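This report concerns only the one structure given below.
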Amino acid sequence: RIGDITMPSMQIAAFPSILPDRGGVISPNTFRGRLLTLDFAASELRIADKTPANTPPGDGYAYSGETHHPLPSLPVSLHGQTYAAHLDSGSPAALTFPYTMAASLPLAGTPVAAGHARFVDGVHDKYSAQINGDVQVGPLTLHNPEISLIDGLPFVNVGMGVLRQMTITLDPEGRRVWASASPRS
């Protein structure tokens with residue numbers, strides 16, 4: 001059970017955690033037929049029946065990615081380009097771009113080596129840079145934000161550095177995302 005929700009039978013994977021303050025990871029797909037609202041600024045998860053009264057206004061944004069593994073995403077727009085960026089609550093960064101995009105981004109300077117990122121497939125070089133100009137992330141406008149660039153990253157990523165400023169509602173069944181700026185940020 002999670003709150004008043006009885007969880008369906010499911011297979012789970014157990015492995016040592018590299019994040020000692022986390023008890024586990026639950027896929028939003030576990031809650032098909034419901035809406036999940038993540039109020040990151042309040043550290044709150046709300047689960048509601050999927051009804052017209054509970055569904056946020058507007059069409060929301062479609063999940064992006066492969067048809068078998070689409071992920072919640074938001075549009076990230078800068079320099080006349082828009083990218084479908086995956087929402088990654090496991091990333092402490094604000095915005096992360098594939099390093100291969102560095103030459104096409106309006107950077108204020110040369111990317112600086114900033115260590116390494118660990119992925120399932122290994123360790124990748126990580127860089128830091130600053131965007132020269134505004135970046136639109138869903139409902140938020142970020143002015144000259146610091147970004148990360150990771151060699152081998154396949155897509156743009158929105159991490160907790162930005163998600164903490166939003167409230168996100170997910171419809172796992174309809175594969176839609178609604179985002180609003182958090183009044184607490």
- request: For Gly90, work out the one condition from (1) under 21 Å from Pro56 (Cβ atoms); (2) surrounded by fewer than 13 Cβ atoms within 10 Å (Cβ to Cβ) it doesn't fulfil.
  value: (1)
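Kindly evaluate Ile131 against the criterion of being under 17 Å from the mean Cα position of the chain (by Cα), within 21 Å of Ala179 (Cβ to Cβ) and among the aliphatic types (A, V, I, L, M).
It is false that Ile131 is under 17 Å from the mean Cα position of the chain (by Cα), within 21 Å of Ala179 (Cβ to Cβ) and among the aliphatic types (A, V, I, L, M).
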- prompt: Do we find that Ala179 is free of Cβ contacts under 8 Å to residues at least 40 places away in the same chain and buried (at least 18 other Cβ atoms within 10 Å of the Cβ) in this structure?
  reply: no
task: Would you please name the residue that is surrounded by the fewest Cβ atoms within 10 Å (Cβ to Cβ), looking only at residues in segment 34-52 that are within 17 Å of Ala181 (Cβ to Cβ) and in contact (Cβ under 8 Å) with a residue 60 or more places away in the chain?
output: Ala42
- request: Look at segment 95-113 and say how many of its residues are exposed (fewer than 14 other Cβ atoms within 10 Å of the Cβ) and either of a type in the set (S, T, N, Q) or in a loop (DSSP other than H, G, I, E, B) (or both).
  value: 5
query: Among the residues of segment 114-137, which ones are at pLDDT 95 or above and not in a strand (DSSP E or B)?
result: Asn132, Gly133
field: Residue check for Val123: farther than 30 Å from Arg176 by Cβ, touching a His at 6+ places or on another chain (Cβ under 6 Å) and surrounded by fewer than 20 Cβ atoms within 10 Å (Cβ to Cβ)
entry: yes
- request: From Leu153, Leu149, Leu170, grab the single residue that is open to solvent by less than 30 Å² (accessible area, probe 1.4 Å) and part of a loop (DSSP other than H, G, I, E, B).
  value: Leu153
query: Restricting to segment 139-179, what's the tally of residues that are under 19 Å from Leu78 (Cα atoms) and among the small types (Gly, Ala, Ser)?
result: 4
query: In segment 96-133, what residues are in contact with a strand residue (DSSP E or B) (Cβ under 6 Å, 6 or more places away or on another chain) and of a type in the set (S, T, N, Q)?
result: Thr96, Ser128, Gln130
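The values are calculated or read from the model by the stated rules, or taken from the named source; none is laboratory data. What you see is a predicted model; the values in this text were computed from it and never measured. Every residue, glycine among them, receives a Cβ derived from its backbone with ideal geometry; neighbour counts consider all protein chains shown. Surface accessibility is based on the protein's heavy atoms, side chains included, excluding ligands, DNA and RNA. Shrake-Rupley method; radii C 1.70, N 1.55, O 1.52, S 1.80 Å.
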